[in-house]
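Read-outs: derived from the displayed coordinates by stated rules, not from any lab. Since this is a predicted model, take the numbers as computed values, not measurements. Here the Cβ positions follow ideal geometry from the backbone for every residue, glycine too, while neighbour counts run over all protein chains shown.
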Amino acid sequence: MVPVATSPEMHSARARAVTTAALAGGLLLVELLTGVQTYLSQTVMPLMAADLSARSLYGVVTATGAVASFAGLPLGVGLAGRFKIPKLLMAFTVLICAGATLCAVAPSIWWFLAGTAIRGFAAGCIATVSMGAVVTGLEGRVRQITLAAMSAMWVISALFGPAYAAWISHALSWRWAMVVYLPVLLAARAIVARHLPDREPSRDSRISWSNAVLLAVAMACIAAPIDSRWLRVVLLAVGVALLSVATHRVLPDGTFRMRSRRQAVIAFMFGLCGLYFAADSVVAIVAHDVFGGGARDIGIVLMAGGLGWALIGLFCGWRPASDIAAYRRRAGLGVAVLSLGVVVMACASTRWLGIGPIAILAVGWTLAGIGMGLCYVDTLNVLFTPPEEPDGLTDLDVSNAAVMAESISGTLTMTAATTFLATGIGGAATTGARSILLFGVIAAAVTVLVIPLLRIRADESVQP
């Protein structure tokens, strides 16, 4: 039997497969560690405050990270166009590690705040760069499945993150909890950077310092830890106004006029994420303050919604919509289920069939998560698939728009929702009554999302 020679094409295909697998695996590991970092910050906060005598500065710590992160978002957009993405990924990862290390060795709260600012700024810059890595480095089914699996990483991190932080903090200290995972993060980013395809940067790409300042000032107004109720409301209004101006500046021109398929998809994503995260921001508060739930009850409710999103998102990634018509049907169903879930949450105090309010709240939030899962991954797939007729948007444009739309809309609505629930603007007397009104408004607003869906033309394929 004569051996068959392996062709150069076979070697090339095998090399591409290995590169793609390594890149996808690295991105999933990074997403997992990003989730762990989020839960780590929440878990470590009270331990750090007790150690550094900073219990009165919780708001300052949170605001510092938020302001720095929003300052970094638009800078990452310009940098991703001007420099090579692998170098940016590693540079900002090193900066994140430096900030975390400074927090870990901080002798006082002011050093911790400096480290928090460094971490936040680098995380804001790297957010758009990381999404750009997904768009430029992965194609077709691999990208679809990877995007779906990224949702599942947050469920795993929800289980592993708090346990990791609590175990390390108990066995060693909160300081060690902030740095032990950093070598793994560096290794994961190095894998991603190593396997990204080459792309020539453009010196014509602008780095928008004015947008960075505008977003930072807006976030400072929104997140300012002010005790005065009315001054808080005034600063919130100013911050929301500035953030609205910034939205029109950082998203692609014509986004909210929805003149092209992908502009309509960005507008849909903006509304979808804003409304979902508005409900997300008050679920735990309602469970605790309105229905008297403890840590176990809150954990069950939050996990139910997270699992609903992750599992349905995995299914949608594995079996994506075949064309725009199929996408509109699936996203339309998701909008309906999301709205229904929020309505169920509003009715949690009715005790249907003798069921307790925490259980009803969990059912409603699970439905909301399922609705989000039906919409989210397919929306990214449609956004990242170029149309047959060029619309003037590059891969980096749409990846940046995805990050910006989710970050800005989420900040706007989460702040408005929690402020309304806490201050009672609008006249509702109790927290319970305010939560019913808030959920009712969110449910009604979700139905308006059919408008951008109807503006998406149904004559194009979204399959690679």
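For the pair M45 and I156, what calculated FRET efficiency results from E = 1/(1 + (r/R0)^6), where r is the Cβ-Cβ distance and R0 = 25 Å, to the nearest 0.05?
That gives a FRET efficiency of 0.70.
Counting only Cα, what are the radius of gyration and maximum Cα-Cα distance Dmax of segment 60-186, in Å?
Spelled out, the Cα radius of gyration and Dmax of segment 60-186 are 16.0, 49 Å.
If I model a spin label at V179 and T418 as a point 7 Å from the Cα along the Cα→Cβ vector, what separation in nanometres do I get?
2.9 nm
Just the projected area, averaged over all directions, of the convex hull on the alpha carbon atoms of segment 211-316: how many nm²?
Over every viewing direction, the Cα hull of segment 211-316 projects on average to 9.4 nm².
What does the convex hull of the Cα atoms come to per residue for the chain, in Å³?
Normalising the Cα hull of the chain by residue number yields 176 Å³.
For segment 254-459, take the convex hull of the Cα atoms, compute a quarter of its surface area, and give me that in nm², please.
One quarter of the hull surface, i.e. the mean projection, equals 11.7 nm².
How large is ³J(HN,Hα) for each residue in segment 104-115, as worked out from phi by the Karplus curve 6.51 cos²θ - 1.76 cosθ + 1.60 (θ = phi - 60°), to whole Hz, x for Gly and Pro?
5, 9, 4, x, 8, 5, 5, 5, 4, 5, 4, x
Return the calculated 222 nm mean residue ellipticity for the chain, to the nearest 500 deg cm²/dmol, obtained by summing -39500 (n - 2.57) across DSSP H runs with n ≥ 4 and dividing by the residue count.
It comes out at -27000 deg cm²/dmol, rounded to the nearest 500.
Across segment 308-321, in residue order, what do the Karplus-derived ³J(HN,Hα) couplings come to in whole Hz, using 6.51 cos²θ - 1.76 cosθ + 1.60 with θ = phi - 60° and x for Gly and Pro?
x, 5, 5, 5, 5, x, 4, 4, 5, x, 6, 10, x, 4
Each residue of segment 382-390 in turn: what ³J(HN,Hα) in whole Hz from Karplus with 6.51, -1.76, 1.60 and θ = phi - 60°, glycine and Pro shown as x?
Result, rounded to whole Hz: 5, 5, 8, 9, x, x, 5, 9, x.
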